[in-house]
Amino acid sequence: MAAARHWQTDPDPSVVALPSADGERPAAQLLGDELRWHRESRGYTLEAAARAIRGSTSKMSRLERGESPAKPRDVYDLAAFYGVSRQDLASLEQYLAQATNAEWYDRFADVTPHFLKKLIRMEGRAAEITIFENQVVPGLLQTEGYAEALIRMMEANGISDVDIARTIALRMGRQFILDQARITVMMDETVLQRRRGSATIMYEQMERLLAVAKKPKVNLRIIGMDEVSPPMAVTYLRFPGHVTRDLAYLESIEGATYATKQKTLDNYRKVLSDVRETAMGLTASLDAIRDAADYWAKRAARER
């Protein structure tokens, strides 16, 4: 699990400013320079790096010179092999995006279920997102530790540490939307109490919820255990009038359902409106999260 943990411990990555195309070196060469620097600074040979991507030394040499198209899988395998920090990984991702002229989420295509790709694409266009969740903290609010615990629990057939790290990176990457769209999140109170990973992970997740609740465009509410709530999670996206009609998203273990028919959308809007009416106010919601944070902090202390 070295790769997954390595990319979690460093500060949040900063945005890398890339040189302009006119007269400057292309991104593929800059990416190659970065990869060569990481290799040489750690004392690895071309042969060792080539084995990490299941290729030849000539392929590795072309990649470092920027002469061959960089495959996301190769870049991530090398990053894991070199043990780069999360901040350095962010730099590599920026160069990779420029080199391939891809949307940021395209770099995770091989670890993203097909049904989720549409949601990620549509999230970036939404003006308003409403989420009800009764089982887990929504992905847009998850910490890396909480996300990893869920991934390991759901992947019964096993998943490599590299793919776990990349799936977590995808989930964290989606969270930029918290500062763009208006987002209402309503969670069943049992989500705060249901263990996902260690007590420390749960405590850190509660602290994350309290931090996110301070964002000006986020409205976070808790549904008390005595209240009636839907038996399924629902995500509802509203778009600017010129983009597309509304969209409702319901996810299951094996796939997802997208609702676009007006009658169905009306039903889900009514469901979410009813949930909003039963939700705690902001102060009570934050108190419930703080109580959960205190509980998990005490459990973590006992488990050390």
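Summary of computed values
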item	result
Helices (runs of 4 or more DSSP H) within region 1-74 that include 3 or more residues under 17 Å from Glu93 (Cβ atoms), among the acidic types (Asp, Glu) and modelled with pLDDT of 90 or more	none
Helices (runs of 4 or more DSSP H) wholly inside region 143-255 that include at least 3 residues being of a type in the set (A, V, I, L, M) and either open to solvent by less than 20 Å² (accessible area, probe 1.4 Å) or closer than 30 Å to Arg302 by Cα (or both)	144-154, 161-173, 199-212
Every residue from region 37-85 that is open to solvent by 40 Å² or more (accessible area, probe 1.4 Å) and charged (D, E, K, R)	Glu40, Arg42, Glu47, Arg51, Arg54, Lys59, Arg62, Arg65, Glu67, Lys71, Arg73
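The values are calculated or read from the model by the stated rules, or taken from the named source; none is laboratory data. Remember, predicted model here, so these are calculated numbers, not experimental data. Note that we place each Cβ from the backbone using ideal geometry, even for glycine, and neighbour counts take in every protein chain shown. Each accessible area value is taken on the protein alone, full model and side chains, heavy atoms only, with ligands, DNA and RNA left out. Shrake-Rupley method; radii C 1.70, N 1.55, O 1.52, S 1.80 Å.
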